[in-house]
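Data block below; observations after.
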Amino acid sequence: MSARETVLGGLRRSLKRQPGDGAEAAVEARLRSRVRGTVPQRGQLSGEALLQLFVNQAEGVNATVTRVASSDDVPGAVADYLRQSNLPLQARLAPHPDLQALPWAEKVPMLELSEGRAAPEDRVSVTPAFAAVAETGTLVLHSGPQTPTTLNFLPETHVVVLRAGQVAGAYEEVWDRLREVYDGTMPRTVNMITGPSRTGDIEQKLELGAHGPRRLHIVLVEDGTEPA
Amino acid sequence: MQATSHAFKDNAHRALQDTELQRAMGHVRSGFIDKRQQAADRLPEFEQLRDEAKAIKDHTLAHLDLYLERYEAKVTENGGKVHWCANAEEARQAVLRICRSLNARTATKGKSMISEEIALNDFLSEQGIEPVETDLGEYIIQIRNEPPSHIIAPAVHVTKEQVESDFRRVHGHLSPERPLSEPTQLVDEARQVLRQRYLDADVGITGANFLIAETGTSVIVTNEGNGDLTQTLPKAHIVIASLEKVVPTLEDCSTILRVLARSATGQEFSSYTTFSTGPRRADDPDGPGEYHVILLDNGRSSMLGTEFQDMLRCIRCGACMNHCPVYHAVGGHSYGWVYPGPMGAVLTPSLIGVHEAGHLPNASTFCGRCEAVCPMRIPLPKMMRHWREREFEQHQTPPKARIGIEAWAFLAKRPRLYRWATSLGVRFLGRAGRKRGRFSNLPLAGGWTAHREMPAPAGRSFQALWAERQQRSGGAP
Ligand code: SF4
């Protein structure tokens, strides 16, 4: 007997599974209905209150946030952030049309950009986000041809460009959007990112930048789209 | 790992004398408890979410066979492979086969208690494949050649001075003059040393906090980002998970995530919650080329349908040990296997047998704090009592305790005799301890008084005091 049959057989015996006991129908119904549990009140805000909650929560976990009025302001905001953090004016960009469309050369000609997956020597990455969750100040990113996952983890500084319209109240809303966009399948990786990398493994003392980015900076673009 | 759970008493005894350990354990007592409370207070829906999280797991466990079949189908559909394993040996062999097929020489590893359970590191080393732990806590205990002492903070028993001397010993290529006394310096050094290991690894092995049946996804929850580097950079990602990790949908996973980090570290959400489905897609610029799930039973299927089924709801948050006075006093290693504290006291006898681990359920004061904080509302004290009963039935209780329990049972069934005996005992002890109000030394109770004092009784039994009170207030005794 294969291990699969041994394990499944053991489970069925322990559960006293009977043919026609309705269990299969219950499972199908559950998977189809995708019932939500309680969504905390704080995740049910809208408009500016929701954006403010997102910003507060993200800052509460050591991320930094700059709010800009339009996407034309993004290149300047990124360059300012690098200068303030004493970082060289260099960044590795996700090969994503939303980022490629920004007026980099026009606004910040001295910012040296390259594109593609992260290499070990890259110090700064700039990526788009798929969504964000105000409830806990969480960014949602995923893998794909235009969004390599290594950009989210290898560089010491991760800059994320987020549009106000991408900010959701709760995780559940993001799942629905993802199902809609990807027709029910999941990308290889979905990253929920809440603040920069941290550890408490040495005497329970909080240290930032354990293996992933030391800094997480969010440029929030309020281009007139309402948060979802 | 080789279990030493049978030696709990000796282990605990040594732990109590270990000043370095006692100093390190102080951080558990002060750190976790307040943070969890604050996180729970900030979310008014927290208690309700605990009920819902429990209900999700109860439903899943009642249909576990079906959800696992569904999960497997989805993994396969997405280009991954599920390896069913009935026991630890099958799981080790499955990992080895994958490593061999890729000619792997090193494997980076995210923190996984299942990997500890199947003693994977020793096995891989014997086979010529170098395992590299990347979670800072796991890395520290790997270079110290120790097992974890906590399920989410494996090196919680180690002081920073000890880490410094371990790093100086193992990182011999770095300047001996470098400053290394601050946690920041230690974290930086680990970051620097492990960076190259991620890039060189052939295989990345992680655990899973959840498996999602709806999508065939595995989920890891971490703070360091080590799990992500581990699973993104190498040729293959191997997930090691036990059967009970499965939940139906992304929504169900979200509900449980809302109680997980809050219960574990008092964070609202961990830094990185990562959902992985299959290998990299044809046009993905990075990610692992292969995706394997080692799905391990190792005793769990036979807990289903028994009085220990509730234990399978456990999400390994560690809250029960963080709040356990016995764990605080003796540390995690005393429990002698992978899982310490109250959850270990219940789970270990199920997984490695009551003969080896029958003592663990006795390591409890039945204060009930573990059950009060367990996000999955697992009745830990009740289950420890089940084990005690079994141990007693199987005549494994030591003779001294047996005689004591039997004598007490004899008296308890005879109320008049009981009242007479207890009032005599209480009067005697009350008089003997009158001066100081407590004993630091009592015959037959040396185990108790060696590390704490026994309060002297009031001189009259509770029953006598109660009867008197009832009479005074006019009620029937
Ligand atoms: S038993 Fe409960 S409190 Fe303990 S680790 Fe498991 S889920 Fe957490």
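Kirkwood hydrodynamic radius of segment B:296-372, from the reciprocal of the average inverse Cα-Cα distance over all distinct pairs: 12.7 Å. When the listed pairs B:Lys74/B:Lys235; B:Lys57/B:Lys81; B:Lys54/B:Lys160; A:Lys205/B:Lys111; B:Lys57/B:Lys111; B:Lys111/B:Lys160 are checked against a 26 Å cut-off, the alpha-carbon distance exceeds it for B:Lys54/B:Lys160. Normalising the average separation of contacting C-alpha pairs (under 8 angstrom, six or more residues apart) by the number of residues puts the relative contact order of chain B at 20 percent. Taken over segment B:43-298, the convex hull of the Cα atoms encloses 134 Å³ per residue.
Ordering A:Val124, A:Thr136, A:Val160 by the projection of their Cα atoms onto the charge dipole of segment A:43-177, which places +1 on the Cβ of Lys and Arg and -1 on the Cβ of Asp and Glu, puts A:Val124 at the extreme positive end. From least to most packed, judged by other beta carbons within 10 angstrom and beginning with the fewest, B:Phe32, B:Phe366, B:Phe392 follow the order B:Phe366, B:Phe392, B:Phe32. Expressed as a whole number of Å, what is the distance separating the alpha-carbon centroids of segment B:302-325 and segment B:1-69? Spelled out, the Cα-based centre of one part sits 8 Å from the other. Going by neighbour counts of Cβ atoms within 10 Å, the residues B:Thr159, B:Thr249, B:Thr265 line up, fewest first, as B:Thr159, B:Thr249, B:Thr265. Under 5 Å from the amide H of B:Lys81 lie the amide H atoms of B:Tyr291, B:His292, B:Val293, each residue being 5 or more positions distant or on a separate chain, with H modelled from the backbone and absent for Pro and chain starts. Result for chain A in a Gaussian network model with C-alpha springs under 10 Å: among A:Pro187, A:Pro75, A:Pro213, the largest mean-square fluctuation is at A:Pro187.
In this calculation the C-beta distance from B:Gln17 to A:Glu112 is compared with R0 = 51 Å, giving a FRET efficiency of 0.25. Among the GluC sites (Glu not before Pro) within segment A:76-118, not one is in coil by DSSP while having at most 15 neighbouring Cβ atoms inside 10 Å.
How long is the gain from B:Arg29 to B:Asn87 if the chain were fully straight, where each residue apart is worth 0.36 nm and the alpha carbon distance is subtracted?
17.3 nm
Computed from Cα positions, the angle between helix A:74-84 and the longest principal axis of chain A comes to roughly 80 degrees.
The slack between B:Glu389 and B:Ser125, meaning 0.36 nm per residue of separation minus the straight C-alpha distance, is 91.0 nm. Compared with the dominant Cα axis of chain B, that is its longest principal axis, helix B:46-62 is turned about 70°. Binning all Cα-Cα separations of chain B at 10 Å, short to long from zero, yields these whole-percent fractions: 4, 17, 27, 25, 14, 7, 4, 1, 0. Straight-line reach from A:Lys107: taking Cα to Cα under 12 Å and skipping same-chain neighbours fewer than 8 places apart, the aspartates and glutamates in range are A:Asp72, A:Asp73, A:Asp80. What the Cβ-Cβ distance of A:Gln84 and B:Thr76 gives, at R0 = 56 Å and to the nearest 0.05, is a FRET efficiency of 0.70.
Separation of segment A:1-54 and segment A:75-128, taken as the distance between their Cα centroids, equals 41 angstrom.
Could you tell me the calculated FRET efficiency between A:Ala101 and A:Glu48, based on Cβ-Cβ distance and R0 = 22 angstrom, to the nearest 0.05? My answer for the efficiency is 0.25.
Note on B:His355 and B:Gln196: the model spin-label points, each 7 Å out from Cα along the C-beta direction, lie 4.8 nm apart.
Debye calculation, C-alpha points only, no solvent: report log10 I(q)/I(0) for segment A:43-221 at q = 0.08, 0.16 Å⁻¹, in the same order as the q values. Debye intensities relative to I(0), on a log10 scale: -0.23, -0.98. Partnerless cysteines in the protein assembly as shown, where a partner means another cysteine C-beta under 4.7 angstrom, comprise B:Cys85, B:Cys99, B:Cys253, B:Cys314, B:Cys317, B:Cys324, B:Cys367, B:Cys374. Of B:Asp202, B:Asp297, A:Asp223, the sequence from fewest to most neighbouring Cβ atoms within 10 angstrom is A:Asp223, B:Asp202, B:Asp297. The string of couplings for segment B:138-151 from the Karplus curve (6.51, -1.76, 1.60, θ = phi - 60°) is 5, 4, 4, 6, 5, 6, 8, 6, 10, x, x, 10, 7, 6 Hz, one whole number per residue in order, with x for Gly and Pro.
In sequence order, segment B:323-332 has phi-based couplings of 9, 9, x, 6, 4, 4, 6, 10, x, x Hz under the Karplus curve 6.51 cos²θ - 1.76 cosθ + 1.60, θ = phi - 60°, and Gly or Pro positions carry x. Under 5 Å from the amide H of A:His142 lie the amide H atoms of A:Phe130, A:Asn191, each residue being 5 or more positions distant or on a separate chain, with H modelled from the backbone and absent for Pro and chain starts.
The label-point distance for B:Glu146 and A:Ala119, in a model that sets each label 7 Å from Cα toward Cβ, rounds to 4.1 nm. When the GluC sites (Glu not before Pro) in segment B:13-63 are filtered for DSSP coil states and for at most 15 other beta-carbon atoms within 10 Å of their beta-carbon, no site remains.
A short reminder: the numbers here are calculations on the coordinates, not readings from a lab. Just so you know, these numbers come straight off a predicted model, no measurement behind them. Every residue, glycine as well, gets a Cβ built from its backbone with ideal geometry; the counts of neighbours run over all protein chains shown.
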